[in-house]
Amino acid sequence: MMSETSSEFYWPSLVLTLIVNGYSFLLSHALLLLFLSITLLLTYEYDGCTLRLLRASEGSVKEEDIEDIRGYHASLTDIVEHVSSLMFRHVAAGYVSSFLIVCFGLYSIINDDKSFVNLSMAGGYVYMSILHLIALTYIGIRLHEAAHRPLNILHDLAGRNMPDRVVGLVTLFANKLSQRQIGISALGLMTITKETILTIIGTLLTYVFIVIQFKPDSTGGCRQDANTTAI
């Protein structure tokens with residue numbers, strides 16, 4: 001009786017689970033694609049700002065050019081901060097969920113009994129979560145690097161013989177870029193930079209080493225059971 005009842009609810013529950021998982025999958029990836037599109041657009045605008053500054057630095061540097069570029073860069077930075085304030089919860093949720101899935105998947109792969117189905121499912125989840133982490137981290141690093149790239153040009157301009165007004169604008173522009181971390185934030189706890197890659201890799205390697213170290217030794221357990229039986 002119980003088997004008949006469970007078989008009746010098996011397929012509806014399976015279909016419902018697939019629908020919920022598919023909806024959450026599409027929702028998370030739709031937010032990722034939206035975030036990717038906005039971030040790449042802002043990165044492209046920052047690259048254009050850097051090209052304008054590079055062209056302005058050739059020959060005589062004009063005050064109005066530096067002021068215009070600085071104002072445009074400040075406008076882009078305001079947009080980045082607004083986008084980050086809207087998406088920082090989704091970015092943090094993406095990092096936390098992907099990181100937890102990778103950890104549980106690696107734990108299952110290391111401690112599983114070599115079941116092909118379980119290993120393939122765990123490997124698929126780990127693969128998709130790692131791709132999600134790479135996408136978030138890559139676009140965050142691209143935006144951060146593009147926003148701070150004019151700093152090298154400004155340092156080169158600071159050593160040139162220019163009017164005091166231009167030197168003041170260049171110094172002000174360089175100081176603002178040096179003192180601010182422009183980029184995508186995760187709950188305000190961190191800004192995605194190149195150091196984020198080292199943090200993720202170091203944490204995952206530490207977790208893998210700990211899991212391997214505390215992995216139960218099946219051969220030792222069998223040997224101990226055999227000795228006990230013999231006694």
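The values are calculated or read from the model by the stated rules, or taken from the named source; none is laboratory data. For clarity, every value in this text was computed on a predicted model and none was experimentally measured. Methodologically, a virtual Cβ is constructed for each residue, glycine included, from the backbone with ideal geometry; neighbour enumeration extends over all protein chains shown. Side chains are part of the model used for accessible areas, which takes the heavy atoms of the whole protein and leaves out ligands, DNA and RNA. Shrake-Rupley method; radii C 1.70, N 1.55, O 1.52, S 1.80 Å.
Some notes on this structure:
- Neighbours of Leu151 by Cβ distance under 13 Å: Lys/Arg scored +1, Asp/Glu scored -1, total +2.
- Fully extending the segment from Tyr72 to Leu54 would add 5.0 nm, taking 0.36 nm per residue of separation and subtracting the current Cα-Cα distance.
- Computed packing ranks the peptides 179-185, 143-149, 121-127 as 143-149, 179-185, 121-127, most packed first, by mean other Cβ atoms within 10 Å.
- In order along region 197-203, the phi-based Karplus estimate (6.51 cos²θ - 1.76 cosθ + 1.60, θ = phi - 60°) of 3J(HN,Hα) comes to 4, 5, 5, 5, 5, x, 5 Hz; Gly and Pro are listed as x.
- Distance between the pseudo-spin-label points of Ile197 and Phe214 (7 Å out from Cα toward the beta carbon): 3.1 nm.
- Rolling a 1.4 Å probe over the protein heavy atoms leaves Leu34 with an accessible area of roughly 90 Å².
- Once the Cβ-Cβ distance of Ala158 and Ile134 is raised to the sixth power relative to R0 = 41 Å, the FRET efficiency obtained is 0.65.
- Region 80-194, accessible area per residue, ligands and nucleic acids excluded (1.4 Å, Å²): 55
- Accessible-area order (highest first, 1.4 angstrom probe) of the listed residues Ile134, Ile139: Ile134, Ile139
- Using the Cβ of Arg180 as centre and a radius below 15 Å, the other residues enclosed give a net charge of 0, where K and R count +1 and D and E count -1.
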